[in-house]
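What follows is one structure encoded as structure tokens, with my remarks underneath.
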Amino acid sequence: MIKKIWYFSVKLFVKISLFFYCKKIKVTGKNNIPKKGAVLFAINHPNALLDPLLVTSNNPRENHFLVRADVFKKPLVKKTLASLNLMPIYRIRDGRSQLSNNEEVFEKCFNILKKKQTLFIFPQGGHSRDRNIKPLSKGFTRIVFGALEKFPDLNVTVIPVGITYQNSSTFPCKVAINYGTQIDAKTILESHPKAKAINILKTDVSNQLKELTVHIPDDKNYETVLKKLNDANVDFTNVSLVNRMIKENNIPKAVKKPINFLKPLFYLIVINSFIPYLFWKKQHKSIDEIEFTDTFRYGLNVITFPLFYALQSWIISFFFDKKIAFIYFFAAIFSVIIYAKFSVKNAENNES
């Protein structure tokens, strides 16, 4: 019970903090999520740890996650992540000797599904900001069919989930989360030889993901198409419209980039948050993979900015009265909300 309270308290905190961090979060297809039963969510992975935070905070079920093992290196981090239902999955880059640890992880996944709970998987095998769906690994099919073979009375529903950012690695980001239609994994396994069932499930998930997120075919025209879409400043979170533009080769002409009239407010926020902002800029230099930019920015800012505002409010209360301190604190928070919700961002994924 205590663990459940802890999980849902953190989930609520994440949902509220993402409201401040994101310009807009568009969610469709939540009615496709069963209220009960074993579900595996197969999700594309453009933006590191921000992806599972966005999906789980906009998902009514209690979820378990498989994430890259190198995140679990520090003991305290490992313990914290485990308390929130996160489990490590080992890849070849973690060392071949580590791959044997996945057997234990798979057994845990089988038991999670046996208990008719839910599991998050990123079947592309890694994160990428490219606007397309990469070939899927068969690891998620091994978990699904392994659970069905071990527990013959079990039913597992697979639901693809597409995440699309308007401007990942920038603040504020705009994102669309689209839940796909249910796939009955048991029927597929019972109707075909296992090797064929694996290919069918992979194909079904891949085809849905290509509709649930913006998919530009990974060919010689990829960069040209992406540039045209960026030049037209399309709203990538309007996934179906953008995919139709790509398929029909009917991309609007280039437009003049809109002016962000709230940029002066951004500089005021920076001045008012000078110490945490400098802390972020220093930490930013140590980020090796751009996909982790949002993750680190969100993680640092969601803690340091409110604490700094609270500290400054406490200092103000000594020189003025508590009423002035409260007004300052809420004005500082309100200015962040105004900038996050109403500032203008272009379609390009240029960092800012």
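Readers should treat all values here as calculations from the given coordinates under stated rules, not as data from a laboratory. Just so you know, these numbers come straight off a predicted model, no measurement behind them. Glycine also receives a Cβ, built like all others from the backbone with ideal geometry; neighbour counts cover every protein chain displayed.
Between [x] 0.95; [y] 1.05; [z] 1.00, which matches Rg/Rh (Cα atoms, Kirkwood Rh) calculated for the structure shown?
The value computed from this structure is option [z].
In degrees, nearest 10, range 0 to 90: what is the angle between the Cα axis of helix 139-150 and the longest Cα principal axis of the chain?
The helix 139-150 is inclined about 50 degrees to the chain.
Output the antiparallel fraction of DSSP beta bridges having both residues in region 2-212, as a percent to the nearest 5.
For region 2-212, the DSSP antiparallel bridge percentage is about 25.
Rounded to the nearest 5, what is the percent of antiparallel bridges among the DSSP beta bridges in the chain?
Counting DSSP beta bridges with both partners in the chain, the antiparallel share is about 25 percent.
If r is the Cβ-Cβ distance from E103 to R61 and R0 is 25 Å, what FRET efficiency results, to the nearest 0.05?
In this case the efficiency is close to 0.45.
Expressed as a rounded percentage, what relative contact order does the chain have, with Cα pairs under 8 Å and six or more residues apart?
21
Would you give the gap between the C-alpha center of region 186-227 and the C-alpha center of region 136-167, rounded to a whole Å?
So the two Cα centres are separated by 13 Å.
For labels at E289 and V27 in the simple 7 Å Cα→Cβ model, what's the distance in nm?
2.6
Between beta-carbons, use under 15 Å as the cut-off and find the net charge around I188, counting Lys and Arg +1, Asp and Glu -1.
+2
Once the Cβ-Cβ distance between N111 and K227 is put in as r, and R0 is 56 Å, what FRET efficiency do you end up with, to the nearest 0.05?
With a Förster radius of 56 Å, E is 0.75.
What dipole magnitude, in Debye to the nearest 20, does the chain give about its Cα centre under +1 on Lys/Arg Cβ and -1 on Asp/Glu Cβ?
Here the chain has a charge dipole of around 480 debye.
In nm, what is the difference between 0.36 nm times the number of residues separating L241 and F342 and their Cα-Cα distance?
So the extension gain works out to 34.1 nm.
Calculate how steeply helix 263-272 sits against the longest principal axis of the alpha-carbon atoms of the chain, using the helix alpha-carbon long axis, and give the answer as 0 to 90 degrees to the nearest 10.
80
To the nearest 10 degrees, how steeply does helix 101-114 sit against the main Cα axis of the chain, on a 0 to 90 scale?
Value to nearest ten degrees: 90.
Given the options I5, L119, A42, identify the residue whose Cα lies farthest towards the positive end of the charge dipole of region 2-212 (+1 on Cβ of Lys, Arg; -1 on Cβ of Asp, Glu).
In region 2-212, that residue is I5.
Taking the highest mean first, how do the peptides 278-291, 198-211, 27-40 order by number of other beta carbon atoms within 10 angstrom per residue?
198-211, 27-40, 278-291
Report, ordered by chain and residue number, the aspartates and glutamates lying within cross-link reach of K228, taken as a straight Cα distance under 17 Å and ignoring same-chain residues fewer than 8 apart.
D130, D218, D219, E248, E348
Would you mind ranking R131, R244 so that the residue whose beta carbon has the fewest other beta carbons within 10 Å leads the list?
Listing R131, R244 from fewest to most nearby Cβ atoms yields R244, R131.
What list of ³J(HN,Hα) values in whole Hz, one per residue of region 224-237 in order, does the Karplus curve 6.51 cos²θ - 1.76 cosθ + 1.60 (θ = phi - 60°) give from phi, with Gly and Pro shown as x?
Once rounded to whole Hz, the list reads 5, 5, 4, 5, 4, 5, 5, 5, 7, 6, 5, 8, 5, 6.
Quick check: net charge around K23, other residues with Cβ under 10 Å of its Cβ, Lys/Arg +1 and Asp/Glu -1?
With Lys, Arg at +1 and Asp, Glu at -1, the neighbours total +4.
If you take the beta carbon distance between N249 and K134 as r and set R0 to 22 Å, what does 1/(1 + (r/R0)^6) give as a FRET efficiency, to the nearest 0.05?
Step by step, r from the Cβ atoms, then E = 0.45.
If you filter region 183-275 for chymotrypsin sites (Phe, Trp or Tyr not before Pro), then keep DSSP loop positions with at most 15 other Cβ within 10 Å, what is left?
F261
Restricting to Cα pairs below 8 Å that are 6+ residues apart, what does the relative contact order work out to for region 263-342? Please round to a whole percent.
Relative contact order for region 263-342 comes out at 34 percent.
Starting from the Cα-Cα distance between N155 and K74, subtract it from 0.36 nm times their residue separation and give me the gain in nm to one decimal.
Working it through step by step, the gained length comes to 25.5 nm.
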